[in-house]
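Read-outs: derived from the displayed coordinates by stated rules, not from any lab. Please read these numbers as outputs of a predicted model, since none were measured by experiment. Heads up, the Cβs are rebuilt from the backbone with ideal geometry, glycines too, and the neighbour counts pull from every protein chain shown.
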Amino acid sequence: MKKSTYFSRRFLGAAFVFAALQFSTVYRATAQQQPTADASAASFDHIKQIKAGLLDVGYAEAGPADGAPVILLHGWPYDIYSYKDVSGILAAKGYRVLIPYLRGYGSTRFLSAATPRNGQQSVIAADIIAFMDALKIKTAVVGGFDWGARTADIMAVLWPERVKGLVSVSGYLIGSQQANKAPLPPKAELSWWYQFYFATERGQAGYAANTRDFNRLIWQTASPQWHFSDATYNQSAASFDNPDHVQIVIDNYRWRLGLTRGEAKYDDLEKKLATAPAITVPTVTLEGEANGAPHPAPSAYAGKFTGKYAHHTITGAVGHNLPQEAPQAFADAIIEVSNFTN
């Protein structure tokens, strides 16, 4: 069994092997793909706040208020700065770009001390639907990577009427506790070392004590050919100082292994997700050629997207944080999927 199959078992619950090459294009991230609209980038120095569902959500916004909405979702351990250059490119094209901090990051805060610091997969998607409601956004193109891609995938499954189009790095990332019960071969398990570390009390204490050093290591291993500066890392690392960050991260990974139950009010959502339902909205999937994080092969998930669909592999040493490493390629995918729906 190939290594990519091990990864897709972790994410999909089974190995879906489809002939996807006819959908696939390989792009090289070259000089002409660098951002050209930095002057129109969101003002990340003046983060907006809005009460939405259980949260007071911090977010950056760029572009005209009447532009077509695009919501961009970051992953762990990253933050909204993954999209600073992407937002400038899209704003210059007339899109209204909104980039929220997920629960446990940046200036996003829980409205009540009594709310469980829950990191299960469906609740993060519910947060973003509440964010859209608070901003009175009926539909949007939604894009993401890592946790953000999983969240965007879940939104497209559970609330397809709210997702005009989808851009998902590493494709179909919806999982379930039942699927994750199946052990993987040792080499594949090794890629998930931090998940098992977080399952222990020592791991939680270690992450709390060494959050920034820990997350820098993840950046380095997930994007081994991305030579980011200290300034670039520190800009995002400030978001990990959120008082709920450690608990949300630990709960997310413990939930995946069935070590926490999650909240009962989300059980029906998780039951639907556990069936690995197809995504019907127009979609573009992306993959960085040098992605060092666990991820499924594009051929393993192509058949999960049953609407209009395209896949692009981004070459040129692009790793896991694809929007920040290849912003033009990510922005192009947003524009491409927007055109699918016009």
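At-a-glance table
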{"quantity": "Residues in region 195-237 reached by a label modelled at Leu257 [backbone nitrogen below 19 Å; 7 Å Cα→Cβ]", "calculated": "195-211, 214-215, 218"}
{"quantity": "Relative contact order (percent, whole number), region 149-224, Cα cutoff 8 Å, 6+ residue spacing", "calculated": "19 percent"}
{"quantity": "Length-normalised contact order for the chain - Cα pairs under 8 Å, 6+ apart - percent", "calculated": "28 percent"}
{"quantity": "Ranked list, fewest to most other Cβ atoms within 10 Å of each Cβ, for Arg109, Arg103", "calculated": "Arg109, Arg103"}
{"quantity": "Fully extended contour minus Cα-Cα distance, from Gln225 to Gln178, at 0.36 nm per residue", "calculated": "13.5 nm"}
{"quantity": "For the chain, built as a Gaussian network whose Cα springs stay under 10 Å, the top-fluctuating residue of Gln121, Gln204, Gln178", "calculated": "Gln178"}
{"quantity": "Proxy reagent accessibility, fewest Cβ within 10 Å first, across Thr306, Thr211, Thr151", "calculated": "Thr306, Thr211, Thr151"}
{"quantity": "Rg over Rh, two decimals, region 221-277 (C-alpha only, Kirkwood Rh)", "calculated": "1.14"}
{"quantity": "Region 161-316 - percent relative contact order, Cα under 8 Å, separation 6 or more", "calculated": "41 percent"}
{"quantity": "Potential extension, Asp268-Ala65 segment - 0.36 nm per residue separation minus Cα distance", "calculated": "69.6 nm"}
{"quantity": "Built amide H within the under 5 Å cut-off of Ala297, gap 5+", "calculated": "Ser8"}
{"quantity": "Listed pairs Lys164/Lys308; Lys271/Lys304; Lys136/Lys304 exceeding 19 Å between Cα atoms", "calculated": "Lys136/Lys304"}
{"quantity": "Net lengthening on full extension, Asn234/His46 (0.36 nm per residue, minus Cα-Cα)", "calculated": "65.9 nm"}
{"quantity": "Answer label, with semi-axes √(5λ) of the Cα gyration tensor in Å calculated from the coordinates and candidates (1) 26, 24, 21; (2) 61, 25, 21; (3) 38, 26, 21", "calculated": "(1)"}
{"quantity": "Karplus-derived 3J(HN,Hα), 6.51/-1.76/1.60, for each residue of region 334-342, Hz, glycine and proline x", "calculated": "4, 5, 4, 6, 5, 6, 4, 9, 8"}
{"quantity": "Amide N proximity, region 243-275 versus Glu189 label position 7 Å along Cα-to-Cβ, cut-off under 15 Å", "calculated": "257"}
{"quantity": "Residues Phe305, Phe228, Phe131 arranged by fewest to most Cβ contacts within 10 Å", "calculated": "Phe228, Phe131, Phe305"}
